[in-house]
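The values are calculated or read from the model by the stated rules, or taken from the named source; none is laboratory data. What you are looking at is a predicted structure, and each value in this text was computed from that prediction instead of being measured. No Cβ is skipped: glycine too gets one built from the backbone with ideal geometry, and neighbour counts run over all protein chains shown. With ligands, DNA and RNA removed, areas are computed over all heavy atoms of the protein, side chains included. Shrake-Rupley method; radii C 1.70, N 1.55, O 1.52, S 1.80 Å.
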Amino acid sequence: MRNYIELPNNCKSLMCKYLTPEIYSELKDKQTAYGFTLDRAIKSGILNPDSSIGAYAGDEESYRLFSSLFDPVIDEYHGFGKDDKHISDLDIEHLCIEHPDPEDKFILSTRIRVGRNLTNMPLGSAITKEQRDSVESQVIEALSLLDGELEGDYYPLLNMPKETQDRLISDHFLFKEGDRFLDAAGLNRDWPSGRGIYHNRDKSFLVWVNEEDQLRIISMQKGGNIAEVFGRLATAIKSIEKRLSFSYNDHLGYITSCPTNLGTAMRASVHISLPNLSRDMDMFQSITDAHHLQIRGIDGEHSDSQGSVYDISNRRRLGVTEIDAVLDMYNGVLSLIKAEKSMTL
Ligand code: ADP
Ligand code: CIR
């Protein structure tokens, strides 16, 4: 094994910022109980110098064993120290908000997702094919017990007609294929085996299986009724938790493959049309920064905006509750709508 690491010259990720030669030599020979190593954790950032983070965990232990690297990355992304505690709050009664856009003028759709991984299993970067297939079976069985609005069917990616897959992706329901960041992290091994999507009839409740995390539990609908979307998600999580046990600890909250998703593992987003603000990106970004929001394009992470429509979501996920995370997004959206309206006058 090498005693040094050559980082790409043009590397801008937090991994490159914090992986000093000293930390590399301290961690290079360590292995988690599932056999995960530092070289595997940083491979995505090494092969993709344009990564913003550049590291993935292979299991819960990675965050402890490689903490000299992960702690500063987590602190810079979430503003969360190594001795801080995470608190979860998915109680819909605690979310006191009104509809931010009752006339449906700006918000096209709302989506809230959480990532989850099973206890006693490595994460996707370190999982074997047998373990992944077992996760898929356990998840299918748990989801088959859902009823009422959440009742639906599971569609494995294996043997899914290409047209169906493409339509689900372009309609924003399904994950994309061949993400180069996940590829380099070993998260796309054995593709498409073990992967799939569950959804109810209206596609307002969906579960992605074995993508970046073992489950991505999603609630979404047209328009901007954030409280309704959150309520459906909270109910679904409670039901699924009766059957499956998710990896969680008091420091990092829900354990996820990417350090940006730790804690709540929640991304609450709207697709919002902001033609005036999009002509003044400095003002746009000053509002999103003030509310800890991220701007993505409408085809998801690493995509571009289209026709002044943006994906606006909470950036902080750890050290805030799920209610706080949704409120970051809600308050930011109110400010964006106010600024957009003022520019119309
Ligand atoms: P994730 O949200 O799981 O981090 P992405 O950013 O890649 O992953 O988004 C996944 C999909 O969800 C993409 O197709 C994206 O367009 C869609 N999406 C995200 N937010 C919304 C929203 N508010 N309304 C409709 N679709 C959305
Ligand atoms: C990266 O490092 O850029 C990718 N691994 C994705 C990181 C998480 N996404 C994000 O913060 N937008």
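Would you please list the contacts, defined by Cβ atoms under 8 Å and residues six or more apart or on different chains, that run from a residue in the stretch 59-84 that is farther than 25 Å from Leu118 by Cβ to a residue that is within 16 Å of ligand 1 (Cβ to nearest atom) and open to solvent by 10 Å² or more (accessible area, probe 1.4 Å)?
Matching pairs, first to second residue: Gly79/Arg316.
If I ask for residues that are surrounded by 14 or more Cβ atoms within 10 Å (Cβ to Cβ) and touching an Asp or Glu at 6+ places or on another chain (Cβ under 7 Å), which ones from the stretch 29-53 would you list?
Thr32, Tyr34, Phe36
Any residue in the stretch 86-104 that is within 28 Å of Ile312 (Cα to Cα), in contact (Cβ under 8 Å) with a residue 12 or more places away in the chain and within 16 Å of ligand 2 (Cβ to nearest atom)?
No, the stretch 86-104 has no match at all.
Run down Glu98, Glu60 and say which single residue is in the same structural domain as Arg132 (by TED's automatic domain parsing) and away from ligand 1 (no atom under 16 Å from the Cβ).
That would be Glu98, the only listed residue that is in the same structural domain as Arg132 (by TED's automatic domain parsing) and away from ligand 1 (no atom under 16 Å from the Cβ).
Starting from residues that are away from ligand 2 (no atom under 16 Å from the Cβ) and over 21 Å from Val114 (Cβ atoms), keep the ones in the stretch 172-210 and report whichever is nearest to the chain's Cα centre (by Cα).
Glu177
Out of the stretch 288-322, which residues are hydrophobic (A, V, I, L, M, F, W, C) and surrounded by fewer than 21 Cβ atoms within 10 Å (Cβ to Cβ)?
Ala290, Ile295, Ile298, Val309
Which number in (1) in a helix (DSSP H, G or I); (2) more than 13 Å from ligand 1 (Cβ to nearest atom) marks the one condition that Gly319 misses?
(1)
Residue by residue, here is whether (1) β-branched (Val, Ile, Thr); (2) within 16 Å of ligand 1 (Cβ to nearest atom); (3) over 30 Å from Ala55 (Cβ atoms) holds:
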site: Asn117; (1), (2), (3): no, yes, no
site: Gly124; (1), (2), (3): no, yes, no
site: Leu146; (1), (2), (3): no, no, yes
site: Ser170; (1), (2), (3): no, yes, yes
